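J.: Next up is a structure, given as structure tokens.
None of the figures in this text is laboratory data; all of them are computed from the coordinates on show. Please read all numbers here as calculations on a predicted model, not as lab measurements. Note that we place each Cβ from the backbone using ideal geometry, even for glycine, and neighbour counts take in every protein chain shown.
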Amino acid sequence: MTRTDILVVGAGFSGAVVAERLASHGLKVLVIDKRPHVGGNAHDRLDEHGVLIHPYGPHIFHTNGLRIAEYLSQFTEWRAYEHRVLAKVGEQLVPIPINVDTVNRVYGLSLTQETIGAFFESVREPRSPIRTSEDVVLNAVGRDLYEKFFRGYTRKQWGLDPSQLAASVAARIPTRTNHDDRYFTDAFQHMPLEGYTRMFERMLDHPNIRFEGGVDFFAIRKSIRARHIVYTGPIDAYFDHCFGRLPYRSIEFKHEHLKDVTQHQPVGTINFPTDYDYTRITEFKHLTGQTHSGTSVVREYPCDEGDPYYPVPRPENEAVFKRYEALGKEATETSFVGRLAQYRYYNMDQCVGAALKASEGILQRLGLSQVHEAEGSTPRVRPAPSAVPTTEPTRVDVRADAANATAAGTLAAD
Ligand code: FAD
Ligand code: UDP
């Protein structure tokens, strides 16, 4: 029988943050993951050609949460990166989210920021109430742009029509009445300078934390005695699917290295809303700033079978989740944290926020909320030089960024 104060199941953002917070308050933490590595879906590594890739799909860090950016800055330096995406529509590559230039290029118009509003007004199909992702897009830009940019992509990505998905899914993509072609407008848009895995290694590099990879919780749960469990896997699996399986969408990632090609595409990601089996191609060197004589790309083929990557936001799934959530509240020995356990379409920063909140709750329950961080736990390390040569490394002062945050977005304290 192994004994520990805390057992954390999953070494992704959610599990790593809780582990670090609890270890810093003097608790012994055992972190396990089915996978042999840390980082969960945000894990990155060098491929066999020496290019830094994200094996589980492209991960771009962005947040408006000052507390979240500050917290992670203990474990990494950052490189400024603003993600841009072009969509292939017919033979053209045009900006997505849809902005003034997108509309002008698709229809051969010369609209301006002043006249685009009237254009959208003339094509939109007003919907009220707005319940589904179809409602969101038709209400904003009308049927033709919906068909060109959203319908096919969404059907590929989810295996469902936008009319079958909650409004929150398509609402992730705004409609712009200006020329801003960035995918995100958050105040803080930076990538970890030496990659996500290095950042996770530093988070978990604590005398109170032990990580064991290649360990499935369900194979060892009876042989571990813990004061508390933090579970970040799919919540329905924890309860043996007693209310039926919660759908999680998966993706097959097809990675490719292009030798002696310094740049494959003009921006980080190209979306393929129609005509192709894959949804998007991402070229990692744009994200990481790495310099290399070749380049590596990934194509994403969504599917039902495989690792669970996306909760599927729609009312019937939410209803099943609520039943599992109620069971979870009764299981007071366990906290359910993260994208899979909370069945929420969380970005990385939202997982960090949820994990910080969960950590405070656990510390309170264990009567440790007032205890100062154990000696030797902070401040932690500043990085050794990067193994990956990059352009434009930046030393980021999160608070200065917050002070400078402009119309682009505002860093909020929580
Ligand atoms: P995970 O990273 O899934 O970690 C859970 C871990 O638990 C996994 O490693 C799993 O192996 C382990 N586990 C599960 N069950 C068990 C078990 N029984 N025993 C042991 N271990 C177990 N977010 C952004 O902010 N920006 C992006 O650009 C972005 N791009 C994304 C692209 C893709 C293709 C995907 C799928 C997600 C993307 N995200 C992005 C979301 C981001 O991946 C998540 O928000 C975040 O990584 C979730 O962290 P987590 O710790 O909750 O879950
Ligand atoms: N979407 C779309 N066309 C696009 C981009 C996004 O239809 O070109 C829709 C699609 O349903 C997608 C959702 O908007 O799943 C959210 O897109 P996002 O880029 O945020 O997805 P993620 O990066 O989380 O896979």
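J.: Run through the stretch 88-176 and list the GluC sites (Glu not before Pro) located in a DSSP loop whose Cβ has at most 14 other Cβ atoms within 10 Å.
T.: Passing both the DSSP loop test and the Cβ count: GLU91, GLU114.
J.: Just check the stretch 4-76 against the gyration tensor rule for me: Cα atoms, a ≥ b ≥ c as the square roots of the eigenvalues, rounded for a/c under 1.5, and otherwise prolate or oblate depending on whether a/b exceeds b/c.
T.: Details: a/c = 2.48, a/b = 1.32, b/c = 1.89.
Verdict is oblate for the stretch 4-76.
J.: Give me P(r) over the stretch 97-170, computed from all C-alpha to C-alpha distances, binned every 5 Å, as integer percentages.
T.: For the stretch 97-170, the pair-distance distribution reads 3, 17, 25, 24, 15, 11, 4, 0.
J.: Calculate the dipole size of the chain relative to its Cα centre from +1 charges on Lys and Arg beta carbons and -1 charges on Asp and Glu beta carbons; express the result in debye to the nearest 20.
T.: Charge dipole of the chain: 780 debye, to the nearest 20.
J.: May I pose another question? Pull up all non-local amide H partners of GLU194: gap of 5 or more, or a different chain, and H-to-H distance under 5 Å with H placed in the peptide plane.
T.: The answer is GLU77.
J.: Using θ = phi - 60° and the Karplus form 6.51 cos²θ - 1.76 cosθ + 1.60, what ³J(HN,Hα) does each residue of the stretch 30-35 get, whole Hz, x for Gly and Pro?
T.: Per residue, the Karplus-derived 3J(HN,Hα) values read 9, 9, 10, 8, 4, 7 Hz.
J.: Quick one: net charge around GLU48, please, counting Lys, Arg +1 and Asp, Glu -1 for every other residue with C-beta under 14 Å from its C-beta. Let's see the in-between values first.
T.: On the way: positive: ARG45, LYS259; negative: ASP47, GLU256.
So the environment of GLU48 carries a net charge of 0.
J.: Could I ask something else about it? State the Cα centre-to-centre distance between the stretch 200-254 and the stretch 148-189 in whole Å.
T.: If you average the Cα positions of each part, the centres end up 30 Å apart.
J.: Something else about it: Could you tally the net charge around PHE336, taking each other residue with its Cβ under 12 Å from the Cβ of PHE336, Lys/Arg +1 and Asp/Glu -1?
T.: With Lys, Arg at +1 and Asp, Glu at -1, the net is -1.
J.: In whole angstrom, note down how far apart the Cα centers of the stretch 113-138 and the stretch 11-72 are.
T.: Their Cα centres are 38 Å away from one another.
J.: With a 10 Å cut-off between alpha carbons and a GNM built on the chain, which of LEU258, LEU22, LEU93 moves the most?
T.: Taking springs between Cα atoms under 10 Å, the residue moving most is LEU258.
J.: Got a sec to turn the phi values of the stretch 70-85 into Karplus ³J(HN,Hα) couplings, 6.51 cos²θ - 1.76 cosθ + 1.60 with θ = phi - 60°, whole Hz, x for Gly and Pro?
T.: Couplings: 5, 4, 5, 5, 5, 10, 7, 8, 10, 10, 4, 8, 10, 6, 10, 10 Hz.
J.: Now for a separate question. Counting only residues 5 or more places away or on other chains, whose amide H sits under 5 Å from the amide H of ILE53 once H atoms are built in the peptide plane?
T.: ARG45, LEU46, ASP47
J.: Right, something else. Rounded to the nearest 5, what is the percent of antiparallel bridges among the DSSP beta bridges in the chain?
T.: Around 60 percent antiparallel, to the nearest 5.
J.: Under a GNM of the chain (C-alpha, springs under 10 Å), which listed residue has the highest mean-square fluctuation: THR332, THR185, THR177?
T.: Most flexible of the set in this elastic network: THR332.
J.: May I ask you to order 291-297, 136-142, 99-105 by the average number of other C-beta atoms within 10 Å around their residues, highest value first?
T.: Per-residue Cβ counts within 10 Å, averaged per peptide and sorted highest first, yield 136-142, 99-105, 291-297.
J.: Just to be sure I understand: if I project the alpha-carbon convex hull of the chain onto a plane and average over all orientations, what area do I get in nm²?
T.: Across all orientations, the chain yields a mean hull projection of 21.2 nm².
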